[in-house]
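To start, the structure under review is shown below, and the notes come after it.
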Amino acid sequence: MLKFVREEVESFMQGLVKRNPGEDEFHQAVREVTESLMPFILQHPRYKQAQLLERLTEPDRIIIFRVTWEDDEGNFRANRAWRVQFNNSIGPYKGGLRFHPSVTQSVLKFLGFEQIFKNSLTGLPMGGAKGGSNFNPKGKSEHEVMRFCHSMMIELHRHIGENTDIPAGDIGVGGREISYLFGQYKRLSNTFVGTLTGKGLSFGGSLVRTEATGYGCVYFCENMLNRLDDSIKGKSVCISGSGNVAIYAAEMAGKLGGKVLTLSDSGGVIHDPDGIDEEKLAYVKELKEKQRGRISEYAEKYRKATFHADRRPWHIPCDVALPCATQNEIDQQDAETLLKNGCIAVAEGANMPSTLEAMKAFREANILFGPAKAANAGGVAVSGLEQSQNSLRLQWTHEEVNTKLKSIMKEIHEKCVHYGTKGDHVDYVDGANLAGFVKIAESMLAYGAV
Ligand code: GLU
């Protein structure tokens, strides 16, 4: 990076850190984007003059509220919840809700900020938002989860709407939670409209929404490989996580001829040298979705597999790595290990799974690196398609939605190539950040000082 550009980045970041003290995850997400955008902004004085970066990094509003609920023993419990409505320049606010004890305002601001660019990349009219709570669903009964969701919606319903803000799922918020949230929203608002996505199929949900993030991540990876006349066929694939994203990434990687070696959860990683095929995946779905069990049980059932407690998959040699668990799950050392073991492609199914140092290592090594904003946009893209179906009062077939998802991922890949090509190499990080930015920037400029 040129010295002048670097100085501009550092002075911008200094101000941002001062205005948002202690929000490490948010600083990290903004720094990555700023490094990509600064040369472009300096070349286009009208962007700088309109203070676009300063405005884009300041959320439109953040709603913070207490959620009081009653546990099964009759104790009153209180959690904190947020909705970060970051930017609605190109459409109503859109983004998931996360329930996890690690949720803080910083985490939700990083997620909401990334969502602006991701949603823009899909080509659909969706602004960026994120929300959630530090509520921990682990170990809670069905009834406790229901009471929490119902109580949360009593406040949240005032701030959302089909044309205002459309929440969905994320870590800790799946079909069950969306159903409780939607039921309460429907009752409080006395409307039946698509204000949440990820709904059940009998009440307005879309086919392929559950699979969309994982499938989309693999489609994106396949697009990157195809550009180099290669494909996932015959490749060994390491996947982290065992939630929706990981399971359906594994399913699609297998369908395209890859061999999936690993899955993980907060307890550790399982390594199956024979590959995790469709039948074994069906077992994992049942284990994780229905029984809410631990991934270690896989190694008890399939004896050739080994379980490595408290470890992530990145020490296991693979051609392709798909981090599908959570933020900062690949650090510099993990990245170096992956590279040393011959990894040629990384596509991020989770949000910001690579630290800045890990990202730098991948980019310097010139391997294929599909950043989250591009590679995991399939989930929110199908959420956008769910909204379209709700407005049309129609339900599209599995094939129709899957075909649309595939073509959206292909278009995202093309946008990254268009904006990220440097010589014969594509920098997908710069490509995704720039392509996402341009559409938002044009809208913000057109609106004037709002
Ligand atoms: N939480 C998902 C994401 O990170 C999906 C958001 C949505 O469907 O609105 O993109």
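Side notes on the structure shown:
- Loop-resident sites, the stretch 136-171, for GluC sites (Glu not before Pro), counting at most 16 other Cβ within 10 Å (DSSP): GLU162
- Legend: ranking of residues VAL320, VAL417, VAL208 from fewest to most surrounding C-beta atoms inside 10 Å; resulting order VAL417, VAL208, VAL320.
- Cβ-Cβ FRET estimate between LYS406 and GLU278, R0 fixed at 25 Å, reported to 0.05: 0.80
- Considering helices alone, the calculated mean residue ellipticity of the chain at 222 nm is -15500 deg cm²/dmol, with DSSP H runs of length four and up weighted by -39500 (n - 2.57) and normalised per residue.
- Net +/- balance of residues flanking TRP314 in space, Cβ distance below 12 Å, scoring K and R +1, D and E -1: -1
- Note that the stretch 343-352 has calculated 3J(HN,Hα) couplings of 5, 10, 8, 10, 10, 8, x, 7, 8, 6 Hz, one per residue in order, obtained from phi through the Karplus relation 6.51 cos²θ - 1.76 cosθ + 1.60 (θ = phi - 60°); glycine and proline are x.
- Relative contact order of the stretch 140-223, defined on C-alpha pairs under 8 angstrom at six or more residues apart (%): 27 percent
- Tail beyond 20 Å, pair distance distribution of the stretch 266-421 (Cα, percent): 61 percent
- Cα-based equivalent ellipsoid of the stretch 103-151: semi-axis lengths in Å, sorted from largest, via gyration tensor: 28, 13, 8
- Here the chain is treated with +1 on each Lys and Arg Cβ and -1 on each Asp and Glu Cβ, and its dipole about the Cα centre works out to around 820 debye.
- Taking each residue as 0.36 nm, the span from SER202 to VAL5 lengthens on full extension beyond its C-alpha to C-alpha distance by 65.7 nm.
- For the stretch 225-269, applying the loop criterion from DSSP together with a ceiling of 14 other beta carbons within 10 Å to the trypsin sites (Lys or Arg not before Pro) yields LYS233.
- For the chain, relative contact order (Cα pairs under 8 Å, six or more residues apart, normalised by length) works out to 15 percent.
- Sparsely packed trypsin sites (Lys or Arg not before Pro) within the stretch 276-339, loop by DSSP, other Cβ within 10 Å at most 10: ARG292, ARG303, LYS304
- Distance violations [Cα-Cα > 21 Å] among LYS235/LYS285; LYS48/LYS360; LYS118/LYS404; LYS255/LYS406: LYS235/LYS285; LYS48/LYS360
- Prolate/oblate/rounded call for the stretch 210-317, Cα gyration tensor, a/c under 1.5 rounded: prolate
- Charge sum, other residues only, whose C-beta stays under 9 Å from GLY127's C-beta, Lys/Arg counted +1 and Asp/Glu -1: -1
- Relative contact order, whole percent, for the stretch 243-324 stands at 33, derived from Cα pairs under 8 Å and 6 or more residues apart.
- Label-to-label distance, nm, for residues given as LYS18 and THR191 (7 Å Cα→Cβ offset): 4.3 nm
- Euclidean distance between Cα centres, the stretch 53-84 to the stretch 319-338, Å: 30 Å
- The chain: C-alpha gyration tensor shape, a/c 1.5 cut-off, then a/b vs b/c: rounded
Every read-out reported here was derived from the displayed coordinates using simple, explicitly stated rules and does not represent laboratory data. Please read all numbers here as calculations on a predicted model, not as lab measurements. Note: ideal-geometry Cβ built from the backbone for every residue, glycine included; neighbour counts use all protein chains shown.
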